[in-house]
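Beneath this line is the structure, given in C-alpha coordinates, with notes to follow.
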Amino acid sequence: MLHCMTSEPEQQIGVGTQDAFQRLWTPHRMAYIQGENKPTGPGADDGCPFCSIPAKSDEDGLVVRRGEQVYAVLNLYPYNGGHLMTVPYRHVADYTDLTAAETAELAELTKQAMTALRTASGAHGFNIGMNQGSVAGAGIAAHLHQHIVPRWGGDTNFMPVVGHTKVLPQLLADTRKMLAEAWPTV
(Lines give C-alpha, C1' and ligand atoms only; values in the text may rest on other atoms or scores of the structure.)
Protein backbone atom coordinates (compact mmCIF):
# COMPACT_ATOMS: atom_id res chain seq x y z
CA MET A 1 0.00 0.00 0.00
CA LEU A 2 2.82 2.39 0.83
CA HIS A 3 5.07 1.27 -2.05
CA CYS A 4 4.47 4.45 -4.09
CA MET A 5 4.99 6.85 -1.19
CA THR A 6 8.24 8.72 -1.02
CA SER A 7 9.59 11.63 0.90
CA GLU A 8 10.31 13.41 -2.37
CA PRO A 9 7.82 16.04 -3.55
CA GLU A 10 5.50 14.71 -6.23
CA GLN A 11 4.18 16.77 -9.11
CA GLN A 12 0.49 17.40 -8.34
CA ILE A 13 -0.97 19.99 -10.63
CA GLY A 14 -3.30 22.49 -9.00
CA VAL A 15 -2.49 21.82 -5.36
CA GLY A 16 -0.15 24.70 -4.61
CA THR A 17 3.38 24.24 -3.33
CA GLN A 18 4.85 20.80 -3.94
CA ASP A 19 5.30 18.68 -0.84
CA ALA A 20 5.36 15.02 0.16
CA PHE A 21 1.62 14.85 0.96
CA GLN A 22 -0.94 13.03 -1.12
CA ARG A 23 -4.42 14.54 -1.37
CA LEU A 24 -7.74 12.82 -0.73
CA TRP A 25 -10.22 15.20 -2.29
CA THR A 26 -13.56 15.50 -0.49
CA PRO A 27 -15.40 18.30 -2.32
CA HIS A 28 -18.73 17.29 -0.77
CA ARG A 29 -17.41 18.64 2.56
CA MET A 30 -17.47 22.21 1.19
CA ALA A 31 -21.21 22.39 1.91
CA TYR A 32 -20.47 21.90 5.61
CA ILE A 33 -17.44 24.19 5.63
CA GLN A 34 -19.37 26.98 3.91
CA GLY A 35 -22.32 26.62 6.27
CA GLU A 36 -24.85 25.28 3.79
CA ASN A 37 -28.18 24.48 5.50
CA LYS A 38 -27.21 26.50 8.57
CA PRO A 39 -29.91 28.78 9.96
CA THR A 40 -29.61 32.49 9.31
CA GLY A 41 -30.91 33.33 12.78
CA PRO A 42 -32.22 31.82 16.03
CA GLY A 43 -35.90 31.47 15.05
CA ALA A 44 -37.68 28.46 13.58
CA ASP A 45 -38.40 30.51 10.45
CA ASP A 46 -34.72 31.41 9.98
CA GLY A 47 -33.90 28.39 7.85
CA CYS A 48 -33.55 25.80 10.62
CA PRO A 49 -32.93 22.42 8.94
CA PHE A 50 -34.24 20.56 12.01
CA CYS A 51 -37.58 22.35 11.56
CA SER A 52 -37.77 21.55 7.84
CA ILE A 53 -36.72 17.88 7.97
CA PRO A 54 -40.02 16.57 9.43
CA ALA A 55 -41.93 17.89 6.37
CA LYS A 56 -39.80 15.71 4.06
CA SER A 57 -40.20 12.01 3.37
CA ASP A 58 -38.14 9.75 5.60
CA GLU A 59 -35.85 8.98 2.68
CA ASP A 60 -35.33 12.60 1.63
CA GLY A 61 -34.89 13.85 5.20
CA LEU A 62 -32.78 10.82 6.30
CA VAL A 63 -35.31 10.28 9.11
CA VAL A 64 -34.90 6.88 10.72
CA ARG A 65 -37.77 7.05 13.24
CA ARG A 66 -40.55 9.50 14.07
CA GLY A 67 -41.98 9.77 17.56
CA GLU A 68 -44.70 12.06 18.87
CA GLN A 69 -42.34 14.70 20.31
CA VAL A 70 -38.93 13.76 18.89
CA TYR A 71 -37.50 12.19 15.74
CA ALA A 72 -34.26 10.34 14.96
CA VAL A 73 -32.31 11.42 11.87
CA LEU A 74 -28.94 10.63 10.36
CA ASN A 75 -26.34 13.34 10.62
CA LEU A 76 -25.71 14.80 7.17
CA TYR A 77 -22.05 15.37 8.16
CA PRO A 78 -21.36 12.27 10.31
CA TYR A 79 -18.43 11.68 12.64
CA ASN A 80 -18.79 7.94 12.02
CA GLY A 81 -20.98 5.67 9.91
CA GLY A 82 -24.43 5.44 11.51
CA HIS A 83 -24.13 8.78 13.36
CA LEU A 84 -27.70 9.63 14.41
CA MET A 85 -29.29 12.56 16.18
CA THR A 86 -32.46 12.70 18.25
CA VAL A 87 -34.22 16.01 17.71
CA PRO A 88 -37.39 17.49 19.23
CA TYR A 89 -39.90 18.69 16.64
CA ARG A 90 -40.31 21.89 18.64
CA HIS A 91 -37.72 24.58 17.92
CA VAL A 92 -36.04 24.83 21.31
CA ALA A 93 -32.38 25.55 22.04
CA ASP A 94 -31.79 24.58 25.65
CA TYR A 95 -32.16 21.16 27.25
CA THR A 96 -33.71 22.73 30.35
CA ASP A 97 -36.53 24.11 28.18
CA LEU A 98 -37.74 20.68 27.05
CA THR A 99 -41.07 19.48 28.38
CA ALA A 100 -41.20 16.29 30.45
CA ALA A 101 -42.70 14.45 27.45
CA GLU A 102 -39.93 15.70 25.12
CA THR A 103 -37.23 14.73 27.62
CA ALA A 104 -38.69 11.24 28.07
CA GLU A 105 -39.05 10.61 24.34
CA LEU A 106 -35.55 11.97 23.61
CA ALA A 107 -34.19 9.42 26.09
CA GLU A 108 -36.36 6.59 24.73
CA LEU A 109 -35.40 7.23 21.09
CA THR A 110 -31.74 7.35 22.15
CA LYS A 111 -32.08 3.91 23.73
CA GLN A 112 -33.84 2.60 20.63
CA ALA A 113 -31.14 4.10 18.39
CA MET A 114 -28.46 2.27 20.37
CA THR A 115 -30.35 -1.00 19.97
CA ALA A 116 -30.81 -0.44 16.22
CA LEU A 117 -27.13 0.41 15.76
CA ARG A 118 -26.03 -2.68 17.69
CA THR A 119 -28.39 -4.86 15.64
CA ALA A 120 -27.54 -3.36 12.25
CA SER A 121 -23.82 -2.74 12.59
CA GLY A 122 -22.55 -4.46 15.73
CA ALA A 123 -21.53 -1.21 17.41
CA HIS A 124 -19.29 -1.88 20.43
CA GLY A 125 -19.89 1.45 22.16
CA PHE A 126 -21.28 4.96 21.71
CA ASN A 127 -20.49 8.60 22.17
CA ILE A 128 -23.75 10.27 23.19
CA GLY A 129 -24.17 13.94 23.93
CA MET A 130 -25.26 17.41 23.00
CA ASN A 131 -23.43 20.69 22.62
CA GLN A 132 -25.38 23.47 24.28
CA GLY A 133 -24.63 26.80 22.60
CA SER A 134 -22.27 27.70 19.79
CA VAL A 135 -19.38 28.28 22.24
CA ALA A 136 -19.79 24.64 23.30
CA GLY A 137 -19.49 23.47 19.71
CA ALA A 138 -23.12 23.30 18.60
CA GLY A 139 -23.22 23.66 14.82
CA ILE A 140 -26.91 24.55 14.98
CA ALA A 141 -27.27 26.01 18.46
CA ALA A 142 -30.83 27.31 18.03
CA HIS A 143 -32.38 23.82 17.80
CA LEU A 144 -31.39 21.23 20.38
CA HIS A 145 -30.19 17.88 19.06
CA GLN A 146 -28.48 14.94 20.74
CA HIS A 147 -25.76 13.00 18.94
CA ILE A 148 -25.56 9.21 19.01
CA VAL A 149 -22.25 8.16 17.47
CA PRO A 150 -21.55 4.42 17.20
CA ARG A 151 -18.01 3.23 17.92
CA TRP A 152 -16.13 0.02 17.23
CA GLY A 153 -12.93 -1.35 18.68
CA GLY A 154 -10.09 -0.08 16.52
CA ASP A 155 -12.20 2.50 14.66
CA THR A 156 -9.89 5.37 15.53
CA ASN A 157 -7.47 6.31 12.81
CA PHE A 158 -5.37 9.19 11.56
CA MET A 159 -7.78 10.43 8.89
CA PRO A 160 -9.88 12.87 10.99
CA VAL A 161 -6.94 14.09 13.06
CA VAL A 162 -4.24 14.43 10.44
CA GLY A 163 -6.21 14.43 7.20
CA HIS A 164 -9.30 16.32 8.38
CA THR A 165 -11.23 13.66 6.45
CA LYS A 166 -13.80 11.11 7.51
CA VAL A 167 -13.97 7.78 5.73
CA LEU A 168 -17.53 6.44 5.63
CA PRO A 169 -18.21 2.93 4.36
CA GLN A 170 -21.80 3.42 3.22
CA LEU A 171 -24.05 5.98 1.54
CA LEU A 172 -26.34 7.82 3.97
CA ALA A 173 -29.49 6.60 2.16
CA ASP A 174 -28.34 2.99 2.60
CA THR A 175 -27.49 3.58 6.27
CA ARG A 176 -30.93 5.15 6.86
CA LYS A 177 -32.69 2.15 5.33
CA MET A 178 -30.57 -0.35 7.28
CA LEU A 179 -31.22 1.39 10.61
CA ALA A 180 -34.94 1.90 9.96
CA GLU A 181 -35.25 -1.84 9.31
CA ALA A 182 -33.27 -2.66 12.48
CA TRP A 183 -35.20 -0.21 14.69
CA PRO A 184 -36.79 -2.05 17.62
CA THR A 185 -40.54 -2.33 17.83
CA VAL A 186 -41.95 -0.99 21.06
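The values are calculated or read from the model by the stated rules, or taken from the named source; none is laboratory data. What you see is a predicted model, and the numbers here were worked out from it, not measured in a lab. Backbone-built Cβ (ideal geometry, glycine too); neighbour counts: all protein chains shown. Each accessible area value is taken on the protein alone, full model and side chains, heavy atoms only, with ligands, DNA and RNA left out. Shrake-Rupley method; radii C 1.70, N 1.55, O 1.52, S 1.80 Å.
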- Item | Matching residues in the stretch 46-63 - criterion: being over 14 Å from H147 (Cβ atoms) and either in contact (Cβ under 8 Å) with a residue 60 or more places away in the chain or part of a strand (DSSP E or B) (or both) | D46, C48, P49, C51, D58, E59, L62, V63
- Note on the structure: For the stretch 110-125, the count of residues that are open to solvent by less than 60 Å² (accessible area, probe 1.4 Å) and more than 17 Å from M178 (Cβ to Cβ) equals 2
- Message: When you check E102 against the structure, is it over 17 Å from V149 (Cβ atoms) and in a helix (DSSP H, G or I), yes or no?
- Response: yes
- Query: Condition test on A173, is it part of a loop (DSSP other than H, G, I, E, B), out of contact with any strand residue (DSSP E or B) (no Cβ under 7 Å at 6 or more places or on another chain) and either more than 19 Å from V73 (Cα to Cα) or modelled with pLDDT under 90 (or both)?
  - Reply: no
- Query: Does the stretch 69-96 hold any residues that are under 14 Å from L117 (Cα atoms) and open to solvent by 20 Å² or more (accessible area, probe 1.4 Å), and which are they?
  - Reply: N80, G81
- Query: Does T99 satisfy the condition of being at pLDDT 90 or above, of a type outside the set (D, E) and surrounded by fewer than 14 Cβ atoms within 10 Å (Cβ to Cβ)?
  - Reply: yes
